[in-house]
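Down below is the structure, laid out as structure tokens.
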Amino acid sequence: MAFIEISGLQKSFGKLEVLKDVSFTVEKGDVVAVIGSSGSGKSTMLRCLINLETVGGGSIAIEDRYLVKDGKYPAKKEIKQITSKMGMVFQQFNLFPHLSVRTNLEMPVRLTQKADKKELSAQCEEMLQKVGLLDKIDAYPSQLSGGQKQRVAIARALMLNPDIMLFFLFTSALDPELTGEVLSVMKKLAEEHMTMIVVTHEMAFAREAANKVIFMDGGKILEAGTPDEIFNHPKYPRTAEFLRSTL
Amino acid sequence: MDYILQILGPMLQGALVTTALFAIVIVLSLPFGFGITMLARCRFRPLAWLARGFIYIIRGTPLLLQLLFIYFGLPLIPGIGQYLVFDRFTAACVGFVLNYAAYFAEIFRGGLLAIDKGQYEAAQVLGLSHPQTFFRVIIPQMLRVALPALSNESVTLVKDTSLLYAVSVPEILHAAKTAVNRDVTIVPFFVAAVIYLVMNTVLTLLFKYIEKKFNFEREM
């Protein structure tokens, strides 16, 4: 079984079918970029993976355990154990505005695991160092720029030692200059062989850092392949059309 | 000046009653109001309706009517009335607590509505349990939003305590009115006004201090 195996995923909001039979696999260390226009179902797909949405049918297996099998979910405890292997970075970052950067990073670990105070503090500093924001450790989210907030959100997710990182990288929320600093952190993670699934509008990232690109259209995966296949030799006119529109 | 000192004694005693009522009402109606907010959001519909009905009735009728009803009206209910006889001060406390709980419930509801859905999602993804999310993430942010309205409502409460006059509890206004009638002078009214102002000034400063403590929206 693959590291992450998704098959026949379906999801509807009322009468609107958002996901129609989505299937793909991810191997350990893969960096998968999911691209597609708004409303293509790529965000919903990612939210289903970490159980922020309930699927209507299909299966998701992560590290040989079923988060959902043929539309049926296991016990809550099992779901929590499976999703705890995943970290997520939201489009709007969702930092806790009432807590300092340090507490944003430390509190979730403290509340969910047994942690030594000194080790926790050291780990917090290490993660902030990694994203280049150690000097902001005592700042509050409202004092940070968009790019800094996103990097803190990455550090916060990394604190829980995930095997898989899920990203909403609509860098439209950031100004172009700040995008670079976030992308360089993500490239660093890719070099460390973190398994990542990235929903993105950032074609440069998909091209350079991803080893697999999935193009979604109308709730289906229209095309999947290496960046070279998708960007230089797209099979479908729809893919080519979408890529042209993002240039 | 001598006259002011002379009437100050009974008026400060009145102020003590006002302060006692204020303290009791704040301490009881804040948690009670929060409970009502929670009930109104409850998935078990009848409980939610009960909470909303309570807020609807309390906010839609005058506090003075509620006080009179509790003190004079409840004992007249056939059958159970004899068990619902309160002394004046207790009746006033019950009325004020019920009334302010309804208002606080609405303030808390507004505070909860102001919190972005993403905060709940982030907490879930980070593995926090529902109670952890509620106490560590939601409540502190809700209080931040609710504080200015709570401050406003508390100032109103200080002034509303003058309604105790209607059920003849000897508070500030009662003492002032007695002195005005007895000595035929309006000085006691001014003294009463100053006492209310002093109390509200202290209260406003206290809330300013608390708001500062909760202010995490610092600018860059």
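The values are calculated or read from the model by the stated rules, or taken from the named source; none is laboratory data. None of the values given here were measured: they were computed from a predicted structure. Cβ: placed from backbone, ideal geometry, glycine included. Neighbour counts: every protein chain shown. Just so you know, the surface numbers come from the protein's heavy atoms only, side chains and all, with ligands and any DNA or RNA stripped out. Shrake-Rupley method; radii C 1.70, N 1.55, O 1.52, S 1.80 Å.
Tabulated results
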| item | result |
| --- | --- |
| Options B:57, B:42, B:20, ranked by Cα towards positive dipole end of chain B, top entry (Cβ charges) | B:42 |
| Per-pair calculated FRET efficiency, R0 = 35 Å: residue B:209 and residue B:178 via Cβ, rounded to 0.05 | 0.45 |
| The range B:127-174 versus the range A:46-63: alpha-carbon centroid distance in Å | 42 |
| Partner lysines for residue B:208 [C-alpha distance under 27 Å; skip if fewer than 8 residues away on the same chain] | B:159 |
| Prolate/oblate/rounded call for chain B, Cα gyration tensor, a/c under 1.5 rounded | oblate |
| Rounded D (µm²/s) - the protein assembly as shown, Kirkwood Rh over Cα pairs, Stokes-Einstein at 25 °C, 0.890 mPa s | 93 |
| Accessible surface buried once B binds A (1.4 Å probe; total of both sides; Å²) | 2100 |
| Accessible-area value, residue B:202, 1.4 Å probe, nucleic acids and ligands omitted, Å² | 90 |
| Sulfur and carbon atoms: percent of accessible area, the range B:1-55 [1.4 Å] | 74 |
| Label-point separation in nm, residue B:3 to residue B:52, each point 7 Å along Cα→Cβ | 5.7 |
| Simple label model, 7 Å out from Cα along Cβ direction - residue A:126 to residue A:25, nm | 3.3 |
| Amide proton proximity set for residue A:3, modelled H, under 5 Å, gap of 5+ | A:26, A:28 |
| Residue A:114-residue B:201 pseudo-label distance in nm [points 7 Å out on the Cα-to-Cβ vector] | 5.7 |
| Test item: Cα-centred dipole of chain A, Lys/Arg +1 and Asp/Glu -1 on Cβ, debye | 780 |
| Interface residues in the range B:131-160 - accessible area drops by 20 Å² or more relative to the isolated chain, probe 1.4 Å | B:132, B:136, B:137, B:141 |
| C-alpha long axis of helix B:187-214 to longest principal axis of chain B, angle in ° | 20 |
| On Cα atoms only, tilt of B:88-113 relative to the major axis of chain B in degrees | 30 |
| Value of D in µm² per second that Stokes-Einstein yields for the range A:58-134, Kirkwood Rh from Cα pairs, at 20 °C (1.002 mPa s) | 144 |
| Protein accessible area in the range A:50-136, 1.4 Å probe - carbon and sulfur % | 46 |
| Between helix A:101-112 and chain A: long-axis angle, C-alpha atoms, 0 to 90°, nearest 10 | 80 |
| In Hz, Karplus ³J(HN,Hα) per residue of the range A:210-226 (6.51, -1.76, 1.60; θ = phi - 60°; x = Gly, Pro) | 8, 10, 8, 10, 10, 9, 9, 8, x, x, 10, 8, 7, 8, 9, x, 6 |
| Summed residue charge, Cβ within 12 Å of residue B:123's Cβ, Lys/Arg positive, Asp/Glu negative | +1 |
| Additional length obtainable on full extension of the chain from residue A:76 to residue A:12, 0.36 nm per residue less Cα span | 20.8 nm |
| Flagged links, alpha-carbon separation over 28 Å, of A:15/A:69; A:72/A:149; A:136/A:187; A:114/A:187; A:20/A:76 | A:72/A:149; A:114/A:187 |
| Cα-centred dipole magnitude for the range A:188-247, charges only on beta-carbon of K, R (+1) and D, E (-1), debye, nearest 20 | 180 |
| Mean accessible surface per residue for the range B:1-134, computed with a 1.4 Å probe while every protein chain stays in place, in Å² | 56 |
| Sum of side-chain charges, residue B:34 neighbourhood, beta-carbon under 12 Å (Lys, Arg +1; Asp, Glu -1) | +1 |
| Amide H contacts under 5 Å for residue A:31, placed H, 5+ residues apart | A:196, A:211, A:212 |
| Carbon + sulfur, % of accessible area of the range B:118-220 - ligands and nucleic acids excluded, 1.4 Å | 67 |
| For the range B:159-176, 3J(HN,Hα) per residue [Karplus equation, 6.51 cos²θ - 1.76 cosθ + 1.60, θ = phi - 60°, Hz, x = Gly/Pro] | 6, 5, 4, 5, 5, 4, 3, 5, 9, 6, 8, x, 9, 3, 4, 4, 4, 5 |
| Probe 1.4 Å - accessible area at residue A:233, Å² to nearest ten | 120 |
| Cα-based shape type of chain A, given that a ≥ b ≥ c are square roots of the gyration tensor eigenvalues and the cut on a/c is 1.5 | oblate |
| List of the range A:129-149 residues, accessible area with partners at least 20 Å² below that of the chain alone (1.4 Å probe) | A:140, A:142, A:143 |
| Computed magnitude of the charge dipole of chain B (debye, nearest 20; Cβ of K, R +1, Cβ of D, E -1) | 580 |
| Cross-link pairs beyond the 19 Å C-alpha cut-off, checked among A:28/A:212; B:117/B:212; A:11/A:42; A:42/A:220 | B:117/B:212 |
| Farthest positive-ward along the range A:16-85 dipole, Cα basis, beta-carbon charges - from A:48, A:34, A:79 | A:79 |
